[in-house]
Every structure is written in C-alpha cells, then in structure tokens.
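Read-outs: derived from the displayed coordinates by stated rules, not from any lab. Please read all numbers here as calculations on a predicted model, not as lab measurements. Note that each Cβ is placed from the backbone with ideal geometry, even for glycine, and that neighbours are counted across all protein chains shown.
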Amino acid sequence: MLSEIRKHLPGHPWQDKIQYFDTLDSTNTYAKQLALQGAAAGTVIIAGHQTGGRGRLGRSFSSPAGMGIYMSVILRPDCRPEELMHLTCAAGLAACNAIEETLGIFPGIKWTNDLVLSRKKLGGILTELSVNPASGKVEWAVVGIGINCCQKAGQFPPEIQDIACSLGIEPGQTPPLSASLIAALENMSRNLLAEKNHIMEAFSRRCITVGSEISILRGDEVQHATAIGIEENGGLLVQYPDGSKGVITSGEVSIRGMYGYL
Ligand code: BTN
C-alpha cells in the first residue's frame, strides 16, 4: 500500500514522511502523539482500518478495513490559532479537489466538515491543534480526513445506513486517490495563510449549506435560519426568520432535507 501511494508522488516533499499501518485506533490520535514528540510538518499517517475513528462533536467515524481512506497529516504553520480558523474548510476543499481530479466525482461540503455526495455523507474532516502557551502560537495542527471509498449499498452500519454513501470505487483505486489527497494537502499547507481569501471563496462555492434552510443546535436550544454565506474565517453567515443576521462558528448545523432532518 505504502509503495503504491509513494509511486504516485515522485519527488514530492512529503513522499518519505508517509507512514502506513494496517490498524490504528485513530490516525488523528497517533499523529497527535507523534506531533507531541516533535514529528516534522508533512508527516502523514494512513491506516487501513481504525478501531476508534473519531469525528467532530465526540462522534465516532466508521472505518472498516479496506473500505476507505483514513489519513492524518501533521502541520506546523507559523501563526496564531485565530489565523487558522479556516483550516477545516481548507482541508475539506483540498479533499474535494483531490477526489474531483482523480475520479471526476464532484463532492460538496456540508458546513463545516462533512464531505457529501448526493446529499449523503461521504466522509469528514477532523482538525485538532495545540497552542504553545508561552508564544501563543500554534505548535502543531493535525488534519484528519476520512473518506468512504468502497462500500456498496447495505454495507454501512445500520445507524448510518440511511445517511452515508461512498465513492463506489474499487480498492485498487484508493492508492492514487490517497496520493492525490496528500498532494492537495501539501498544496493547501503552503497557501493556507497567504491565499485565505481564495480558499474561502472556493469553499463557499463548494458549500451546499449556503442557500439552505438550516437548524442550529446549541446545547438544548434549536434555532431555525437560512444560511446566506461563509465569512473569511469559515463562520457560517445566517439570517433568522425576524430578518436579523448572525455568524455561527460552532455547534451542530442541520440542513433541511438531509440526514433525516425534514
Ligand atoms: C466527522 O465526521 O466529524 C469527521 C470524521 C473524520 C474522520 C477521520 S478518519 C482519519 C482521522 N482519524 C480519526 O480518528 N478521524 C479522522
């Protein structure tokens, strides 16, 4: 697997920093351990199977053997955490671009971190970062990407069967896609700060949440609104039924007509 992926990245700066494991609990957890031990930016961790794949908001990410891409990358951007609020958006965009270039499939993004195809969840992004308390700067960021690749209808766990989908590719097509993802992430890491505006414009075009009726869940409180745009730091601009506007930066946002929200 590793040699297959490397073959597609000749001369690439991250080519020798890719590590492959048949099984890990979570590539993000392992990448965080390596980052703490000083692993270099561009270290890529890939697992064939995750026993404890993690998603946003403490959720799990189903990661069966040979069915998907489960990858995490260590980044060390020289900036403050406030400058990196768009990292999850940028990584989602990079993943969409890689999928499009490799397979000709055009996924969308459900704000903020779900990759979607035909209004079903294709995968997701989980970013985690550490800040140096003395400098106030980012010490490391780990960007995790999970993509359902090979599942066929009926092969998802019952609890996500109705909301999940896969790329529907053969296992042999995943190494070139993994390589393309690595290249897209390296490209993203170089342009992350200088090209923030362009990245967020492209993200807005990919984001299927914009223009949709949504519900926002914060604790026990549910609010309804229309998503009207994405702001520069990745926040979701919304308009409430009374005409007032706001920016959502956290919490759970559901789109009417998706994932069982009627
Ligand atoms: C989500 O659905 O909220 C995000 C899912 C992110 C899953 C990926 S798989 C590789 C990396 N390792 C993890 O444990 N999670 C991310």
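Things to note:
- GluC sites (Glu not before Pro), loop per DSSP, at most 15 other Cβ atoms within 10 Å - longest free stretch of the chain: 1-194
- The range 150-262 - percent relative contact order, Cα under 8 Å, separation 6 or more: 18
- Overall, the anisotropy analysis places the range 1-63 in the oblate class: the square-rooted eigenvalues a ≥ b ≥ c of its C-alpha gyration tensor yield a/c not less than 1.5, with a/b not exceeding b/c.
- In the range 16-170, Cα pairs under 8 Å separated by at least six residues give a relative contact order of 22 percent.
- The local environment of N233, defined by Cβ-Cβ distances under 11 Å, has a net charge of -3 under the rule Lys, Arg +1 and Asp, Glu -1.
- The reciprocal of the average 1/r between distinct C-alpha atoms defines the Kirkwood hydrodynamic radius, which for the chain equals 18.7 Å.
- Efficiency of FRET from Cβ geometry, S250 and Q173, R₀ 41 Å, rounded to 0.05: 0.70
- Cα centroid separation, the range 188-262 to the range 1-40: 31 Å.
- Straight-distance candidates among the aspartates and glutamates for linking to K7, with alpha-carbon spacing under 13 Å and chain neighbours fewer than 8 residues away dropped: D16.
- Electrostatic tally near L115: other residues with Cβ closer than 13 Å to its Cβ, Lys and Arg +1, Asp and Glu -1, net +4.
- Radius 13 Å from Cβ of V210, net charge of other residues (Lys, Arg +1; Asp, Glu -1): 0
- Computed per residue of the chain from DSSP H runs no shorter than four, each worth -39500 (n - 2.57), the mean residue ellipticity at 222 nm is -7500 deg cm²/dmol.
- Computed from the Cβ-Cβ distance with R0 of 30 Å, the FRET efficiency linking K137 to H224 stands at 0.20.
- Straight-line cross-link partners of K17 among the aspartates and glutamates, defined as a Cα under 16 Å from its Cα and at least 8 positions apart when in the same chain: E4, E186.
- Hydrodynamic radius of the range 180-262 by the Kirkwood approach over all distinct alpha-carbon pairs: 14.1 Å.
- Beta bridges from DSSP with both residues in the chain: antiparallel share about 85 percent, rounded to the nearest 5.
- Relative contact order (percent, whole number), the chain, Cα cutoff 8 Å, 6+ residue spacing: 17
- 17 Å Cα-Cα reach of K152 towards lysines, excluding residues that sit fewer than 8 places from it in its own chain: K120, K121
- With Cα atoms as the point set, the radius of gyration and Dmax of the range 90-213 evaluate to 15.6, 51 Å.
- When M1, M67 are sorted by how many other C-beta atoms sit within 10 angstrom of their C-beta, beginning with the fewest, the order is M1, M67.
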